[in-house]
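S.K.: Below: one structure in structure tokens.
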């Protein structure tokens with residue numbers, strides 16, 4: 001397809017140019033006595049001008065191809081992608097054909113030649129807009145329906161895209177893929193929280209009002225801490241009330257010098273979790289007595305602020321507890337996860353790997369927004385996104401890169417907001433904490 005495009009668009013103009021450059025010689029030539037080969041010898045002689053015109057034509061043709069690739073690269077990329085889609089169908093034999101005998105030049109004489117004739121080729125519609133590929137595949141209930149319904153891996157790896165959505169229509173399945181995900185990375189200044197959702201990439205939002213609770217996993221050097229600090233800084237621009245727990249007494253614990261409700265000691269951490277749960281229960285009961293309460297509406301409808309419990313190194317903390325304490329903490333967190341959305345109480349939990357031991361009784365399934373950063377094993381990915389996920393995970397040496405499930409059941413590549421070198425989280429968060437009023441009666445009394 002690509003070669004045919006260049007030949008059909010650039011070869012005719014090149015031939016016309018060569019003809020115009022040599023038009024005088026062509027008009028003066030005696031074609032009756034013109035021979036390319038005479039007496040078995042090649043007798044066509046080219047003058048220096050002929051060679052110059054040929055070289056000039058080739059040079060201009062190559063320049064035209066180069067300029068086209070430079071300024072119409074998007075169109076060229078679309079041609080290549082459409083060609084790959086066609087090859088995918090052909091090389092996997094996802095079409096139906098029959099062998100027919102071809103007729104010879106003389107129709108009365110039998111012919112032994114045969115050729116393959118296509119009887120059915122699946123309809124595939126391709127469209128590209130604003131970096132998003134829309135690929136619609138016809139579902140005809142044929143023998144290749146199962147393959148056409150599960151093209152995610154082939155499309156992602158073959159087109160170098162990330163699946164963002166998969167929608168089943170009447171007789172068609174639509175795949176939406178985003179090309180060049182890193183181009184959708186945003187800076188920390190662009191991370192905004194409004195109307196119950198937080199923007200994390202140009203095309204990815206955490207809609208915490210609809211899909212509550214975030215689970216973050218990642219090893220050392222994956223960018224997990226910077227991502228959590230980015231979330232804290234963004235949420236401090238709103239009226240949200242934040243509680244930060246860092247049982248390892250690491251980077252997040254330093255925030256206690258600039259903002260309230262930051263804890264790292266075991267006793268303080270357990271007290272804060274209990275107080276957070278009590279606040280959730282109290283609000284759930286008091287909301288119904290507030291003027292303007294309406295069944296089915298949440299805390300935001302009544303103008304109440306959201307509360308976030310940001311819990312770093314959750315698994316490490318649980319391993320420090322005894323059996324009784326661990327069961328008590330897990331019970332409180334489970335109730336917060338199950339009941340917190342309506343009242344506006346949300347969890348942001350981070351760990352190196354979400355072991356099932358500390359996410360029992362289906363608590364992990366209630367974290368709708370999940371982010372896996374940095375290097376993780378296949379077992380780690382299965383813990384984050386489920387063991388039945390068929391997604392192919394690839395490692396790229398880019399800090400802050402990982403994978404995300406924003407609550408829609410589609411796992412895509414993810415890049416945390418870019419933090420410029422020299423950005424002072426402690427200073428910025430301190431300024432934001434001083435410029436807003438903390439609701440002291442609702443603070444954790446640890």
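S.K.: Mind pulling the angle between the C-alpha long axis of helix 266-287 and the longest principal axis of the chain? Nearest 10 degrees, somewhere in 0 to 90.
M.R.: Around 90 degrees separate the two axes.
S.K.: Here's something else I'd like to know. Taking all pairs of different Cα atoms in region 221-310, averaging 1/r and flipping that mean, what Kirkwood radius in angstroms comes out? Display every interim value, and only then the final one.
M.R.: Values: mean 1/r = 0.0678 Å⁻¹.
After inverting the pairwise mean of 1/r, the radius is 14.8 Å.
S.K.: Further question on the same structure: With a ≥ b ≥ c taken as the square roots of the eigenvalues of the C-alpha gyration tensor of region 310-446, please select rounded if a/c is under 1.5 and otherwise prolate if a/b is larger than b/c or oblate if it is not? Present the calculation step by step, with values, prior to reporting the outcome.
M.R.: Numbers: a/c = 1.78, a/b = 1.11, b/c = 1.60.
Oblate is the answer for region 310-446, as a/c is 1.5 or above yet b/c matches or exceeds a/b.
S.K.: If the chain between residue 302 and residue 274 were fully stretched, how many nm would it gain, using 0.36 nm times the residue separation less the Cα-Cα distance? The partial results should precede the final answer.
M.R.: Details: separation 28, 0.36 × 28 = 10.08 nm, distance 2.46 nm.
Using 0.36 nm per residue and subtracting the Cα-Cα distance, I get 7.6 nm.
S.K.: The list (i) 1.44; (ii) 0.95; (iii) 1.17 gives values of Cα Rg over 2.2 N^0.38 Å, and only one came from this structure; which label was calculated from it?
M.R.: Matching the structure shown: (i).
S.K.: Hey, in the GNM for the chain with a 10 angstrom Cα cutoff, which one of 67, 46, 235 fluctuates hardest?
M.R.: 46
S.K.: In degrees from 0 to 90, rounded to the nearest 10, what is the angle of the helix 425-435 Cα long axis to the longest principal axis of the chain?
M.R.: Tilt of helix 425-435: around 60 degrees.
S.K.: Cα axis of helix 224-235 to longest principal axis of the chain: angle in degrees, 0 to 90, nearest 10?
M.R.: 70
S.K.: Still on this structure, please answer the following. Is the shape of region 159-203 rounded, prolate or oblate, going by the alpha carbon gyration tensor and its root eigenvalues a ≥ b ≥ c, with a/c under 1.5 for rounded and a/b larger than b/c for prolate?
M.R.: On the way: a/c = 6.38, a/b = 1.68, b/c = 3.79.
Cα axes put region 159-203 in the oblate bin.
S.K.: Take the Cα atoms of region 209-442, find their three principal axes, and give me the spread along each one in whole Å, biggest first.
M.R.: 52, 41, 36
S.K.: Based on DSSP, what percent of beta bridges with both residues in region 209-442 are antiparallel, to the nearest 5?
M.R.: If I count the DSSP bridges inside region 209-442, around 30 percent turn out antiparallel.
S.K.: Among 148-160, 192-204, 71-83, what's the highest-first ranking by average C-beta atoms within 10 angstrom per residue? Please report the intermediate quantities before stating the final value.
M.R.: On the way: 148-160: 15.7, 192-204: 17.4, 71-83: 13.8.
By packing density, highest mean first, the sequence is 192-204, 148-160, 71-83.
S.K.: In percent, what relative contact order does region 143-284 have, based on Cα pairs under 8 Å that are 6 or more apart in sequence? Show your work: numbers first, answer last.
M.R.: Working: 123 pairs, mean separation 15.4, N = 142.
Answer for region 143-284 is 11 percent.
S.K.: What whole-number distance in Å separates the alpha-carbon centres of region 307-325 and region 264-293?
M.R.: 18
S.K.: Of 428, 210, 115, how do they rank once you tally other Cβ atoms within 10 Å and put the fewest first? Each step should come with its number before you reach the end.
M.R.: Numbers: 428 16, 210 12, 115 9.
So the ranking, lowest neighbour count to highest, is 115, 210, 428.
S.K.: Given the rule -39500 (n - 2.57) for each run of at least 4 DSSP H residues, summed and divided by the residues of the chain, what is its mean residue ellipticity at 222 nm, to the nearest 500 deg cm²/dmol? Present the calculation step by step, with values, prior to reporting the outcome.
M.R.: Details: 12 runs with 161 residues, N = 446.
After summing the helix terms and dividing by residue count, I get -11500 deg cm²/dmol.
S.K.: Mind giving me the FRET efficiency for residue 97 and residue 146? R0 is 22 Å, r the Cβ-Cβ distance, nearest 0.05 is fine. Please report the intermediate quantities before stating the final value.
M.R.: Working: r = 20 Å, r/R0 = 0.90.
It comes to 0.65.
S.K.: Can you classify region 113-256 as rounded, prolate or oblate using the Cα gyration tensor, where a ≥ b ≥ c are the square roots of its eigenvalues, rounded means a/c under 1.5, and otherwise it's prolate if a/b beats b/c and oblate if not? Write out the running numbers ahead of the final one.
M.R.: Numbers: a/c = 3.13, a/b = 2.74, b/c = 1.14.
In terms of gyration-tensor shape, prolate.
S.K.: Apply 1/(1 + (r/R0)^6) to the Cβ-Cβ distance of residue 238 and residue 382, taking R0 = 30 Å, and write down the FRET efficiency to the nearest 0.05. Each step should come with its number before you reach the end.
M.R.: Details: r = 35 Å, r/R0 = 1.15.
For residue 238 and residue 382, the calculated efficiency is 0.30.
Readers should treat all values here as calculations from the given coordinates under stated rules, not as data from a laboratory. All figures in this text were calculated on a predicted structure; none of them were measured in a lab. Here the Cβ is made from the backbone with ideal geometry for all residues, glycine too, and neighbour counts use every protein chain on show.
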